[in-house]
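Below is one structure, written out as structure tokens, with a few remarks after it.
The values are calculated or read from the model by the stated rules, or taken from the named source; none is laboratory data. Computed from a predicted structure; not experimentally measured. Ideal geometry is used to build each Cβ from the backbone, glycine not excepted, and the neighbour counts take in all protein chains shown.
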């Protein structure tokens, strides 16, 4: 029996080799765990292809020379310009699926930005998208989409002072093709006005023509 056990007993050299192999394996496993965790953190920190969570501030439905125009102001937390414009594109897509109109406009404001409708212009705008399903029927719209964002960061008052960056139609289509989320903004007033439509605003109180023609009249 002792002879058999002595034959089965590994040599010192084999023990050293096995110990080294197990040490390398353990180190590799630990490294894999860390690499996996780092990749997960990096993936979670990447900007969403569909933009940001947003809150609807107001929706205006305008009658303009027999056309129906819908304008929506939404707010997001501080974010980079590309994320804001992706948000606007997602929301305009959700809005177009929900309601039929000749022109849709989504304006993204910072969460610290102005609340008043008249103040939602100029430096208050973090991103903006205009969408006309039939651009030939909307004056000032040569293409279905007009998308832009301010490349600056919002100051404590929610105002942007960067440069305006406009996206081409191919860029817009590429962004929308990558979206995996098509949800609208959170609407705090939806529960109170469920099923009720916002009243149409007459041309006497609004001038939507400037929206498509001058890109900035809000």
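Tell me whether region 87-94 contains one or more residues that are in a strand (DSSP E or B) and either closer than 19 Å to residue 164 by Cα or touching a residue at least 24 places away in the same chain (Cβ under 8 Å) (or both). Outline the logic, then answer.
Quick first cut of region 87-94, residues in a strand (DSSP E or B) only: none.
Looking through region 87-94, none of the residues is in a strand (DSSP E or B) and either closer than 19 Å to residue 164 by Cα or touching a residue at least 24 places away in the same chain (Cβ under 8 Å) (or both).
Would you check if there is a residue in region 176-183 being out of contact with any helix residue (DSSP H, G or I) (no Cβ under 6 Å at 6 or more places or on another chain) and under 18 Å from residue 74 (Cα atoms)?
Yes, region 176-183 contains at least one residue that is out of contact with any helix residue (DSSP H, G or I) (no Cβ under 6 Å at 6 or more places or on another chain) and under 18 Å from residue 74 (Cα atoms).
For every residue, the table says whether it meets (1) surrounded by 20 or more Cβ atoms within 10 Å (Cβ to Cβ); (2) outside the structural domain of residue 96 (by TED's automatic domain parsing); (3) farther than 24 Å from residue 98 by Cα; (4) in contact (Cβ under 8 Å) with a residue 40 or more places away in the chain.
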residue	(1), (2), (3), (4)
113	yes, no, yes, yes
117	no, no, no, yes
121	no, no, yes, yes
133	no, no, no, no
168	no, no, yes, no
184	no, no, no, yes
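Name the single residue, out of those in region 46-71 being buried (at least 19 other Cβ atoms within 10 Å of the Cβ) and touching a helix residue (DSSP H, G or I) at 6+ places or on another chain (Cβ under 6 Å), that is modelled with the highest pLDDT.
54
Please go through (1) within 12 Å of the chain's Cα centre (by Cα); (2) modelled with pLDDT of 95 or more for residue 104 and return the number of the only condition it doesn't satisfy.
Here residue 104 meets the rest and fails (1).
Looking at (1) assigned to a strand (DSSP E or B); (2) modelled with pLDDT under 95, which is the one condition that is false for residue 43?
Condition not satisfied by residue 43: (1).
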